There are 2 protein chains.
Amino acid sequence: MSDYILHEFFRSSASFRVRAALKLKGIDYAHRSYKLRAKEQQTDAFRALNPQALVPTLQTPDGPIGQSLAIIEWLEETHPAPPLLPPDPRGRARVRGLAYMVAMEIHPLNNLRVLQHVAGELGQGEAGMAKWFRHWVAQTFPALEARLAGEPDTGRYCHGDTPGLADLCLAAQVMNNRRFDIPLDDYPTIARIYDALMALPAFAESLPENQPDAI
Amino acid sequence: MSDYILHEFFRSSASFRVRAALKLKGIDYAHRSYKLRAKEQQTDAFRALNPQALVPTLQTPDGPIGQSLAIIEWLEETHPAPPLLPPDPRGRARVRGLAYMVAMEIHPLNNLRVLQHVAGELGQGEAGMAKWFRHWVAQTFPALEARLAGEPDTGRYCHGDTPGLADLCLAAQVMNNRRFDIPLDDYPTIARIYDALMALPAFAESLPENQPDAI
C-alpha cells in the first residue's frame, strides 16, 4: 500500500501537473480515477478528503492536499531532490511567475466547468466555447513566448536545463490546447520546450492517453 | 529613493494583495499608479519591466517581478519576518490551498479584462457581467466557508492568529465583491475573518478607497 494516493482524472491538466511532478521526484503512488462528466467525484467519501470534490487531490502521510500547485509546493518542501524550483529567490520568482501565467491566466478560464458554463448558460454553444478557449490562450501565449525566447535564463526548459514548476504548467496547457487544434507555429520556443519535455518519461507517461483509465 | 517601486492600480485586487503584504512585512515602497481602463500601463517603458504590461509589478533589487503571488512568495523568501506562511509543510499546503481557491478559481474569472469580454464580445451586457461575477463567487465561497468554519487550524485569521497568504487573497476577494453587492450573510466565518483583517492597518490602508490615486 503506497503512502500516496492521487485522486485524478486522466484528461485533467491539473492532474497531469501532479502526475509529472510525482514522477520527476521519483515518488511511488497509487491512483483513483474519476470521470468528471459523470460526476463520479461527487461522493461523500471523496468530499471527506476534499470538500470541494475537485481533482487532483493527493493523500499523503500529512493528510489530503488539494489544488495542484499547493500539492507541488508541498512535494518540493518534503522531497527537495530533484528540485522543481531553482535555489535563488530571483529564479524562484521567475519560475513561479511563468507558471502562474498559465495557471492563473489561462487554465482557470479554460477548465471543464467554465467551458460548460460558457457553452450552456451563456448560450455560446460548442463553437463559442472553442473560440473562448482559443481567445484566452491567445491573450497570454504571445507574452509567454516573448519571455521564454528573450530571457537569458531560459534553457533547454523554461528555466535552465532542469524541468520544474513552470514546465509542468506549460506542458499541461500545450497538451490541453491539442483538444482545440491550436497550432504552435507562432510559439516556436514554447513548441521547442514542449518537445524537450515530452522526451522525458515523467512527462510523456503523464499524458492523458497514457493513463490506464483513458477512454 | 526606495529600493522598491510597486506598479499598481488602486482598484486592482491583485495590487491590494501586494500592498498589504509589503505593509505586513514593514517594507517601505514607492508606487506608480496606472488607470487600466485608460490603458495607461500600455507603454514601452512599463513593458520593459513587464512584457505583459500587467499590474501589479514590483521593482526590487533583484529586478522586476510580476504576478501577485510570485511577488508575495519572493517577499516571504527574502524578508521572512513576519511570516506569511506557517513553518510546517502541512500548514503551508493548507494556506496555499486556501489562497488558490480564491486566486485560481475566482479571481481569474472575475478580473477586469474577463468581465469586459463577457459583457462585450459575449454580448452579456452589464447585467450578465454581474451575474457572471456572482456565479463564480457562489461556486467557491460555500466550500471556502465550510473549510474555514470546520477546520481546527482556522483561528482569528485563515490559519491561526497570524495573517498570511490566504488572508491576503480572501480580503482582496471580499473587497472586490463589494462592487457587485454580494452579501456575506451565508459566509459568517469569511465575514468574521474579513472584519478581523480590516482591523489591521496593513489591510485597511491597502483598500482602494485609501489609495492616493483613488477616483
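The values are calculated or read from the model by the stated rules, or taken from the named source; none is laboratory data. It should be emphasised that the depicted structure is a prediction, and the values quoted were computed from it without experimental measurement. Methodologically, a virtual Cβ is constructed for each residue, glycine included, from the backbone with ideal geometry; neighbour enumeration extends over all protein chains shown.
A compact table of results
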{"quantity": "Residue within the stretch B:115-129 that is of a type outside the set (Lys, Arg), assigned to a helix (DSSP H, G or I) and not assigned by TED's automatic domain parsing to the domain that holds residue B:166 present", "calculated": "no"}
{"quantity": "Complete set of residues in the stretch B:45-78 that are modelled with pLDDT of 90 or more, part of a loop (DSSP other than H, G, I, E, B) and facing chain A (nearest Cβ under 7 Å)", "calculated": "B:62, B:67"}
{"quantity": "Any chance residue B:58 is out of contact with any Lys or Arg (no Cβ under 9 Å at 6 or more places or on another chain) and in contact (Cβ under 8 Å) with a residue 12 or more places away in the chain", "calculated": "yes"}
{"quantity": "Any hit, the stretch A:86-105, residues being on the phi < 0 side of the Ramachandran plot, in a strand (DSSP E or B) and more than 8 Å from every other protein chain (Cβ to nearest Cβ)", "calculated": "no"}
{"quantity": "Flag if residue A:165 is within 13 Å of chain B (Cβ to nearest Cβ), closer than 22 Å to residue A:72 by Cα and within 17 Å of the chain's Cα centre (by Cα)", "calculated": "yes"}
{"quantity": "Residue in the stretch A:35-44 that is assigned by TED's automatic domain parsing to the domain that holds residue A:73, of a type in the set (A, V, I, L, M) and assigned to a helix (DSSP H, G or I) present", "calculated": "no"}
{"quantity": "The stretch B:10-34 - residue that is among the polar types (S, T, N, Q) and either free of Cβ contacts under 8 Å to residues at least 24 places away in the same chain or not in a loop (DSSP other than H, G, I, E, B) (or both) and, of those, surrounded by the fewest Cβ atoms within 10 Å (Cβ to Cβ)", "calculated": "B:33"}
{"quantity": "3 or more residues crowded, with 19+ Cβ neighbours inside 10 Å: qualifying helices (runs of 4 or more DSSP H) within the stretch B:164-214", "calculated": "B:165-177, B:188-198"}
{"quantity": "Any chance residue A:72 is closer than 22 Å to residue B:69 by Cα, among the aliphatic types (A, V, I, L, M), in contact with a Phe, Trp or Tyr (Cβ under 7 Å, 6 or more places away or on another chain) and crowded, with 23+ Cβ neighbours inside 10 Å", "calculated": "no"}
{"quantity": "Filter result for the condition that a residue is modelled with pLDDT under 95 and out of contact with any helix residue (DSSP H, G or I) (no Cβ under 7 Å at 6 or more places or on another chain), over B:195, B:181", "calculated": "B:181"}
{"quantity": "Failed item in (1) surrounded by 15 or more Cβ atoms within 10 Å (Cβ to Cβ); (2) at positive phi; (3) more than 9 Å from chain B (Cβ to nearest Cβ), with residue A:125 passing the rest", "calculated": "(1)"}
